[in-house]
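Contents: one structure, followed by commentary.
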Amino acid sequence: MERSLAGFSEAGHLEAMSFAAISAFVALFVAMALKSSMTSHPRGNERMNSLGDSVQKGSKSFMAKQQKFLLPLLLAIYITLVVLYSIESPSTDYTDGLRIGGCFVAGAILSAIATYAGVSVAADANVRVAQALNDGNEGTGTGTGKALYVAITAGSVVSFTVSGLCLGGIAILYYIMTVGRPDDSIAEQSIFALEALVGFGLGASSVAVFTRFAGGIFAKGSELSATMLSNENENPAWIAEKVGENISGIAGTGAEYFESLAASIIAAAILAGGDIVLISLSFWVAAAGIISSMVGFFFIRAAANGSSKNDLLYALYKGKMITSTLLIVISIAIVMVFFESAGEGYTAVSCVIIGQFYGLLIGHATEYFTSHNFAVESLNKAGALSASMYMIKAFGIGALSVLIPAVIIVATALACLYLAGLYGVAIAAVSVISTLSTNLACDAFASISKNAVSIVAEAGEGDNAESVGVLDGTASAVAATGRGFAMGSSVITSISLLLAFEATVGIAVLNINSPTVIGGLLVGATLPYVFAALVFLSCQKAAEAILVDAQKQLDSDSITTDGCVNAANVVSHQEMILPCLYVSMSPLIVGILVGPQALAAMLVGSIASGFLLGSTLSNTGSALTHASKYTKLGSTSVGSTVGCVMNGAVGTALATLIKLMAIVSLTVSPLMGAWTEWGQWYFGFIPFGVCVVGTVVVAISFWMNVEEPTPTAATEEA
């Protein structure tokens, strides 16, 4: 018997999606209003504006370069989806290929629009936040509270754009995919629509992985080179470093959150099993998160002048708490008003509440292990002895930091499974990511503030040493917490996608005694390490390419803002090809060559390994970079340089890795239902061959005759 929503005359899809779609459009309207408010704040002086304009120009050049790389790859994926699902139609409806391909294109386009808009807004905000920092107390440079307001306003423009485009796109597409099947039941229409909607998640993931990988390589390669050239009178890599912060911190993070929101909603809706009540809840919780974040934004305030780091952190924390509390209240109201079975509704809402505590606790655990009171003080004591003691201490802190988040993840999964089964885990994942409009705003605040601080310091304006230190320290702390939250949300989202994959292919239990399952686990556990190695090496190659260009500029006494940016642009996009290829092809190789059981085991291994390795590297790197803000020892300088690659490139990329592998698996899962173990092994050599050919092409095209930088006095000293 089909269920209905008590508040509606019929359990129609239009009614079910209405709240989500309206909330999404309101989010986009709020984003436009906040952008107008942000641009009303003044820009800086001529020097500051020149620096800001150069960062904006470099950011746009990266996005343009990315489009040239992305379009052919997205076109290839689109054609593959259309052909594959037209030939092997899981629903016997030969429009499957066009539907899934269309949703894929929509997901990719909306994610790309959101990231481009975010980068543009953030680049414009950098210099306005810098000026706000100088405006306090008649130019004495104590306007930290005002800088917070301008930066969080710009960050909210980014976050509401991401959440509005994602939720609006997925809700409208869901409704469109149910139209034209009047003879089917509501449940059948829902299942039919969700099969196509997985393509939306794949499109979002494709853009996220390209943006996150290329952005991370660009950002950390340029930061490495800029650090090595910091002793030069004029640093050719300075602009490239700030462009990298904008790309990685805004575009990469925004695309990742877009991907997580889409994937979590899709997974929860699939695990609802065609139940319109539970499907609606997954969309409505996401919508409630948007509404709650709008209210939370108005509570992120601090005194305009003279606010300390603790004042700024408290303001951000207050906004997050208001958002989470209001989300819980709205979710309970949804159950009371619309659900016929209040008991079942409260069970589901309990999982929503657990999801909120999950996100907050993960963030607090990360904050503690990267905080001034714990990590910074203990690291600086070790650094006073020797650089080796400093690095050993940092790795110990990073490795230990995974314990509490791991316990939180296990407790959350078990509690939600007990309360509401597989759907409980999925709706908890939706709850975690539903407040992205606040969490992404805080992450964007950190990136914008870092660039603003650098612009103020480079321009040399105002008596602002104290306020610069306050805003810089706040940004570092917020960035570390944000990375922990992003990893935590990625893990529970990936678990939801894994559960949806198993439900689709009909896996009830993984047989641990099976050699293929054990092999899948080992392969999955190995992949994050291989991927991390590729990203580490890519960052080093990017730094070398930028150094080569910088040395040419220094030798010719002709310093330009474009040279290092162009060098970083080229090498970052070249270096992202193989990691992206291996990540997307590995589920296809294992799933087609061996079978669904081995693929599910591989996902389990990659999620566990990716979480542990990613958290260790991210928290180690955050502790190292945070410590360097307070003590200038030789060991802290080296630690900060290494740490920036750990947390800003490798750790964040691993969070995207585990989601992409899961969404690729879910996309092909309808084709695997009838597959037997090793039954179609010969087709597995097709994706394997693509990897081999891709590796050869990249090696011949990009790795031959690479020019290496020459050690100089500046680089050797750094």
Query raised in the report: About its Cα centre, how strong a charge dipole does segment 15-717 have in debye, to the nearest 20, once Lys and Arg get +1 and Asp and Glu get -1 at the Cβ?
Result: 600 debye
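Assuming R0 = 41 Å, what is the FRET efficiency of Lys381 and Asn49, from their Cβ-Cβ distance, to the nearest 0.05?
On the way: r = 42 Å, r/R0 = 1.03.
E(calc), rounded to 0.05, equals 0.45.
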Query - Positive-pole candidate from Ala255, Ile291, Phe536, dipole of segment 15-717, charges at beta carbon - result: Ile291
Query - Convex hull projection area averaged over all views, segment 208-324, Cα basis, nm² - result: 10.6 nm²
Report task. Can you tell me the order of 67-75, 314-322 when each peptide is scored by its average per-residue count of other Cβ atoms within 10 angstrom, highest first? Result -> 314-322, 67-75
Query raised in the report: Between Ala508 and Ala76, 0.36 nm times their residue separation minus their Cα-Cα distance comes to what?
Result: 152.2 nm
Query - segment 15-717 - percent relative contact order, Cα under 8 Å, separation 6 or more - result: 20 percent
Query raised in the report: Can you put Leu657, Leu224 in order, fewest other beta carbons within 10 Å first?
Result: Leu224, Leu657
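Quick check on my link table: of Lys68/Lys320; Lys65/Lys318; Lys318/Lys450; Lys65/Lys309; Lys57/Lys320, which ones sit more than 30 Å apart, alpha carbon to alpha carbon?
Violating the 30 Å limit, Cα to Cα: Lys68/Lys320; Lys65/Lys318; Lys65/Lys309; Lys57/Lys320.
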Report task. Report the calculated FRET efficiency for Thr676 and Ala333 (r = Cβ-Cβ distance, R0 = 35 Å), to the nearest 0.05. Result -> 0.10
Query raised in the report: Along the charge dipole of segment 15-717, Cβ charges K/R +1 and D/E -1, which of Ser454, His364, Thr95 sits furthest on the positive end?
Result: His364
Report task. Treat the count of other C-beta atoms within 10 Å as a stand-in for reagent exposure and order Lys309, Lys57, Lys242 from fewest to most. Result -> Lys57, Lys309, Lys242
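Assuming 0.890 mPa s and 25 °C, estimate D for segment 100-254 with Stokes-Einstein, Rh taken as the Kirkwood radius over Cα pairs, in µm²/s.
It comes out at roughly 136 µm²/s.
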Query - Sum of -39500 (n - 2.57) over DSSP H runs of 4+, divided by residues of the chain (222 nm, nearest 500) - result: -28500 deg cm²/dmol
Query - Highest average packing first - 173-181, 195-203, Cβ atoms within 10 Å - result: 195-203, 173-181
**Report entry** Nonlocal amide H pairs with Phe339, under 5 Å, H built at 1.01 Å
**Finding:** Ala6
Report task. Starting from the Cα of Val295, step 7 Å along the direction of its Cβ; do the same at Ser185; then give the gap between the two resulting points in nm. Result -> 3.8 nm
Requested in this report: Report the one residue of Ser280, Leu75, Tyr314 whose Cα lies farthest in the direction of the positive end of the charge dipole of the chain (charges on C-beta: Lys and Arg +1, Asp and Glu -1; origin at the Cα centre).
Outcome: Tyr314
Query - Low-density loop cleavage sites - GluC sites (Glu not before Pro) in segment 203-243, where at most 10 other Cβ are within 10 Å (DSSP) - result: Glu234
Requested in this report: Name the helices (complete DSSP H segments) of the chain with a Cα length along the long axis of 15 Å or more and a Kyte-Doolittle mean of at least 1.0, or state none.
Outcome: 13-39, 144-178, 253-271, 276-297, 309-338, 387-400, 403-434, 465-505, 577-593, 652-672, 685-702
Query raised in the report: Could you state the number of Å between the C-alpha centres of segment 48-96 and segment 283-340?
Result: 33 Å
Requested in this report: Could you pull out every residue, at least 5 positions away or on a different chain, whose amide H is within less than 5 Å of the one on Ser628? Hs are placed 1.01 Å off N in the peptide plane, and Pro or chain starts have none.
Outcome: none
Report summary line: Relative contact order in percent for segment 399-528 (Cα pairs under 8 Å, 6+ apart) equals 27 percent
Query raised in the report: According to a simple spin-label model (label point 7 Å from Cα along Cα-to-Cβ), what is the distance in nm between Glu466 and Met32?
Result: 4.3 nm
Report task. Using a 10 Å cut-off on Cβ atoms, rank the peptides 271-283, 643-655, 34-46 from the highest mean neighbour count down. Result -> 643-655, 271-283, 34-46
Query raised in the report: According to the square roots a ≥ b ≥ c of the eigenvalues of the Cα gyration tensor, what is the shape class of segment 489-544, taking rounded for a/c under 1.5, prolate for a/b larger than b/c otherwise, and oblate for the remainder?
Result: oblate
Query raised in the report: Of all the C-alpha pairs in segment 15-717, what % are more than 42 Å from each other?
Result: 21 percent
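Computed from the coordinates by the stated procedures, all read-outs in this text should not be read as laboratory data. Everything numeric here is computed off the predicted structure, so don't read it as measured data. Every residue, glycine among them, receives a Cβ derived from its backbone with ideal geometry; neighbour counts consider all protein chains shown.
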